[in-house]
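Have a look at the structure below before the remarks.
Just so you know, all these numbers are worked out from the coordinates, no wet-lab data involved. Note that the structure is predicted; figures quoted are calculated from it, not measured. Note: ideal-geometry Cβ built from the backbone for every residue, glycine included; neighbour counts use all protein chains shown.
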Amino acid sequence: MIKSLLLKLGMLCMTIGLVIWVRWVPQPPVQDIPSAAERQVVASLVTELEEREGRTKDLSSRNVQGPSMKAVAQREPSKAAIHSRLDLNHASTHELESLPGIGAVMAQRVVAFRTSVGGFRTVEDLREVKGIGAKTFDRLKPLVAVSTEKF
């Protein structure tokens, strides 16, 4: 009986010592590593900007006057905005998953909400999807758009 008591007391002391040692050992700082979806969105935006710059350089080197982005945006504002953003009314679940803060389950919720209400009318309708709070919406707002065409 005494051996059992001493064994348990020894295990308790070892556990307490381990807990104290772990708390006192300095831990490395945690870095904020972007998710795969955030890296993918940034990479696609960088590629798009590089393509635009390449087209601008090609036009200026050939002295060809093409329509400016401002002129295109004035003629077809919805198409110009949607080219650089993800359209909520036409996006697949895989495309939605590429957005920061949207996983497979949330993408399915967005598609289900879109189907149930007949499509998004404004970007703010995204707030009505269960699980999308203010912070997530603020991150998504510049990355998404809503087309007026029926899906």
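Among V129, G103, V117, flag the residue with its Cα farthest along the positive direction of the charge dipole of the range 83-151, charges on Cβ as +1 for Lys/Arg and -1 for Asp/Glu.
Of the candidates, V129 comes out farthest on the positive side.
Which order do peptides 109-116, 135-142 fall in by mean Cβ count within 10 Å, highest first?
Output ranking for 109-116, 135-142: 109-116, 135-142.
Provide I102, I132 in ascending order of the number of other Cβ atoms located within 10 Å of each residue's Cβ, fewest first.
I132, I102
Work out the length of the dipole vector of the range 83-151 about its Cα centre, built from +1 on the beta-carbon of each Lys and Arg and -1 on the beta-carbon of each Asp and Glu, and round it to the nearest 20 debye.
Numbers: 10 positive and 8 negative charges, 32 e Å.
Charge dipole of the range 83-151: 160 debye, to the nearest 20.
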